[in-house]
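Structure, as structure tokens:
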Amino acid sequence: MERGMVLSLSELLEIIGETLEACFAAPLWVVAEIADLRFDQTGHCYLELVEKQNQELRARVRGTIWASFSSVLSSFSAVTGRTLAKGMEILALVRVRFHPVYGLSLDIRDIDPQYSLGAMMRHKKEVLSRLAQEGYLERNRSLPFPPVPQRLAVLSSPHAAGFGDFLAHLQENPYGFRFQVELFPAFVQGEEAELTLLSALEAVRRRAKDFDVLVILRGGGAQSDLHWFDSYTLGKAVATFPLPVLVGIGHQRDETVLDAVAYHSLKTPTAVADFLIERMRAFDELVFGTYLTLKGTVEHLLHDQKITLTMLSAHLERRSRNALKDVQEMTTKLRWRTEECVRRIIEKNSDALWGIWQKLGGALKATFSAHTASLEHITQAVALLDPYNTLRRGYTLTLKQGKIVK
């Protein structure tokens, strides 16, 4: 086999590099997803750019934003409110580079922030549309909110300024309401945010009966870290949570997926605290209002009953006097009639009674005389048998040793 030109590896790669740079002498706009991103101490930013289709990797290349083009990053953040991060889809103006040792790479000269905003909005819209189609979007909002939300499970970083503000606001409420707050630590920004939030959500879910409300707080972080809250997995976990979820992740402009699926979303952690305090105050006012209404109703009923009893008492007293008067009159009439009847009976039977009395008197007199004669006869007989009289007639008593001998 005849050999043609023989090149060293470096020579071949230099030719490839020169050819590529000649073919792509002008910068090109390229759409890609950021798979990885890091900065070095000199301010250079190194990226791994990929293209996926149905979650399958189709292309991968290194990208670099040199420190001399760092204004690209600040311009992007100023427009989007976010910094570049893994998972973002960008439209970048690039120059094709090829190095014999490091291979193909792209020097990023500019990034279109409007394209990234559109991509983020499309992603968020797709997530919300999917959650709505699956019936999750309104699920948490349909839960009944407890009238006394005192037992609070909080997902936040223990060092976050927003969490401290939230606690202070609750403790200093002017009504003296007491809240029981338990913190479930989680990152609320950065690459670990989604994973730690999901883990904390599961921990609270296992103890859901111990709490009234779940609160997710973030405060003091960069606006650029909000895209972690647009995750479908995190959105579904919040939407299907068994407790009402309150979100206060400290943003002023954009609504995240988490805001859309939570029971209620507020701008800041202190706004969440105000919401809870107001719910407690409303319940306290309702209870006090109910007490006043019940008190007024009872007092009104008692007043009415007092009037009714007074009227009944007067009526009863009047009826009693009338009844007593009638009874007295009836008694008087009965007594008069009885006396008159007895008098007539006595008059009618007086002659018969006199005859009976005379007969009874004669009989009594004869009986008395007969019994008197009988008693005199008995008296005489007893006198004859008196021992004294017997001894007088000559009889004696014989004694032996002081005892009468028969």
(1) in contact (Cβ under 8 Å) with a residue 12 or more places away in the chain; (2) surrounded by 13 or more Cβ atoms within 10 Å (Cβ to Cβ): which one isn't true of Ala132, the others all being true? (1)
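Is it the case, given these coordinates, that Glu134 is of a type outside the set (Gly, Ala, Ser) and closer than 21 Å to Thr240 by Cα?
On the way: of a type outside the set (Gly, Ala, Ser): yes; closer than 21 Å to Thr240 by Cα: yes.
Against the criterion (of a type outside the set (Gly, Ala, Ser) and closer than 21 Å to Thr240 by Cα), Glu134 qualifies.
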Looking at Gln180, is it under 19 Å from the mean Cα position of the chain (by Cα), without any contact (Cβ under 8 Å) to a residue 40 or more places away in the chain and either within 21 Å of Pro244 (Cβ to Cβ) or not assigned by TED's automatic domain parsing to the domain that holds Ser77 (or both)? yes
Run Ala92 past the list (1) closer than 19 Å to Gly190 by Cα; (2) in contact with a strand residue (DSSP E or B) (Cβ under 7 Å, 6 or more places away or on another chain) and report the number of the one that doesn't hold. (1)
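Every residue in region 267-314 that is among the hydroxyl-bearing types (Ser, Thr, Tyr), outside the structural domain of Thr256 (by TED's automatic domain parsing) and within 24 Å of Val213 (Cβ to Cβ), please. Talk me through it step by step, then tell me what you get.
Within region 267-314, the first condition is being among the hydroxyl-bearing types (Ser, Thr, Tyr), and the residues that meet it are 268, 270, 290-291, 293, 297, 308, 310, 313.
After this cut, where a residue has to be outside the structural domain of Thr256 (by TED's automatic domain parsing) as well, the list is 290-291, 293, 297, 308, 310, 313.
Across region 267-314, the qualifying residue is only Thr290.
For every residue, the table says whether it meets (1) crowded, with 19+ Cβ neighbours inside 10 Å; (2) in a helix (DSSP H, G or I).
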residue: Leu73; (1), (2): no, yes
residue: Ala85; (1), (2): no, no
residue: Ile90; (1), (2): yes, no
residue: Leu93; (1), (2): no, no
residue: Phe98; (1), (2): no, no
residue: Asp107; (1), (2): no, no
residue: Asp110; (1), (2): no, no
residue: Tyr115; (1), (2): no, yes
Identify, from the list Pro147, Pro174, Pro158, the residue that is in contact with a Leu (Cβ under 7 Å, 6 or more places away or on another chain), part of a loop (DSSP other than H, G, I, E, B) and surrounded by fewer than 19 Cβ atoms within 10 Å (Cβ to Cβ). Pro158
Hey, can you tell me all the residues within region 177-198 that are in a loop (DSSP other than H, G, I, E, B), under 22 Å from Lys209 (Cα atoms) and hydrophobic (A, V, I, L, M, F, W, C)? Phe177, Phe179, Ala186
Of these, Ala85, Ala32, which one is at pLDDT below 90 and among the small types (Gly, Ala, Ser)? Ala85
Of all residues in region 177-187 being closer than 23 Å to Thr233 by Cβ and in contact with a strand residue (DSSP E or B) (Cβ under 6 Å, 6 or more places away or on another chain), the one that is modelled with the lowest pLDDT: Ala186
Could you list, in sequence order, the residues of region 117-129 that are basic (Lys, Arg) and exposed (fewer than 14 other Cβ atoms within 10 Å of the Cβ)? Arg122, Lys125
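Given the criterion over 15 Å from Phe241 (Cβ atoms) and of a type in the set (A, V, I, L, M), identify the matching residue among Ala161, Ala153, Ala200.
Numbers: Ala153 fails: over 15 Å from Phe241 (Cβ atoms); Ala200 fails: over 15 Å from Phe241 (Cβ atoms).
Sole residue among the options that is over 15 Å from Phe241 (Cβ atoms) and of a type in the set (A, V, I, L, M): Ala161.
The values are calculated or read from the model by the stated rules, or taken from the named source; none is laboratory data. A quick note: this is a predicted structure, and the numbers were derived from the prediction, not measured. So basically every Cβ, Gly included, is an ideal-geometry build from the backbone, and we count neighbours across all protein chains shown.
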